[in-house]
Amino acid sequence: MQRPWILDYDSANCAIGAAVAIIGERPTFLVLREAFNGVRRFDDMQRRTGLPRQVLSDRLARLVRDDLLRKVAYQDSGQRSRQEYRLTSKGLDLYPVLVALMSWGDKHAVGPAGPQVLLRHRDCGQPVHLHLACEAGHAVDSAREVTPVPGPGARKIA
C-alpha cells in the first residue's frame, strides 16, 4: 500500500478540526437541533434539551459569539423584554451537517420504533435526503469513491 500523501502535510489548518472546535460538543448540537426545529426561546430550549441552565446559557453565548445564532428582542404582553435566538446564514449553512447526523442516527442508532422525525419538502411533501455529488453531477455513494488531494491551504511539513 502506498503511503498517504496527507502524512507529508501539516494538519494545523484542518477544516474538520476547526469546525469541531466550534460545534463539536453534544450540548451544541442539541441547541442547533432545536433552533432548526424553530425553538427560539431559552426556557423552551432548556425544557427540550434537558441541559442545565448554565450549560445552555454558555452554549447560546458561544453560538452567538461565533455568529451561528443571533439574539432578537421580544416582549410578551405584560412581561419584561427578553431575547430569543435565531439562526444566522452561517448557522443555516450547518443544516446539511445536522441532516447527515440525523440520517446516520436513523440508520445506526435509532431505537426499534424508528426515527422520531422525518424530513419532508415543504413544497411537495416528499421525503428529503442528503446526497453527495461531484461538480459534474455524479452521485457519490461512498467515501471509497472520493480521492482527497491537497487544497490551497495545504502546507507541507518542514
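Read the figures in this text as sums done on the coordinates, not as results from a lab. All values reported here derive from a predicted model rather than from experimental measurement. So basically every Cβ, Gly included, is an ideal-geometry build from the backbone, and we count neighbours across all protein chains shown.
Can you tell me how much longer the chain between residue 44 and residue 133 gets when fully stretched, taken as 0.36 nm per residue apart minus their C-alpha distance, in nm with one decimal?
Between residue 44 and residue 133, full extension yields an extra 28.3 nm.
What full-extension length gain, to one decimal in nm, is calculated for residue 18 and residue 109 as 0.36 nm per residue of separation minus the Cα-Cα distance?
30.2 nm
Order these by the 10 Å Cβ neighbour count, fewest first: 22, 16.
16, 22
Can you pull out the trypsin sites (Lys or Arg not before Pro) in region 84-158 whose DSSP state is coil and whose Cβ has at most 14 other Cβ atoms within 10 Å?
122, 155
Near the amide H of residue 119, under 5 Å away, which other amide H atoms are found, from residues 5 or more places off or on another chain, if H is placed in the peptide plane?
The answer is 128.
Would you list which aspartates and glutamates come within 13 Å of residue 90, measuring only between C-alpha atoms, while excluding same-chain residues fewer than 8 positions from it?
The qualifying aspartates and glutamates are 66, 67.
What is the list of residues in region 125-155 whose amide nitrogen lies under 17 Å from a point 7 angstrom out from the Cα of residue 10, following Cα to Cβ?
150-155
What does the extension gain come out to for residue 75 and residue 122, with contour length at 0.36 nm per residue minus their alpha carbon separation?
My answer for the length gained is 14.0 nm.
Just to be sure I understand the model, the point goes 7 Å from the Cα along the line to the Cβ. What's the resulting residue 64 to residue 92 distance in nm?
Going from the residue 64 label point to the residue 92 one covers 2.1 nm.
As a test of understanding, state the convex hull volume per residue of the chain from its alpha carbons, in Å³.
Convex hull of Cα atoms, per residue: 203 Å³.
Amide H neighbours of residue 83 under 5 Å, at least 5 residues apart or on other chains, H built in the peptide plane: list them.
74
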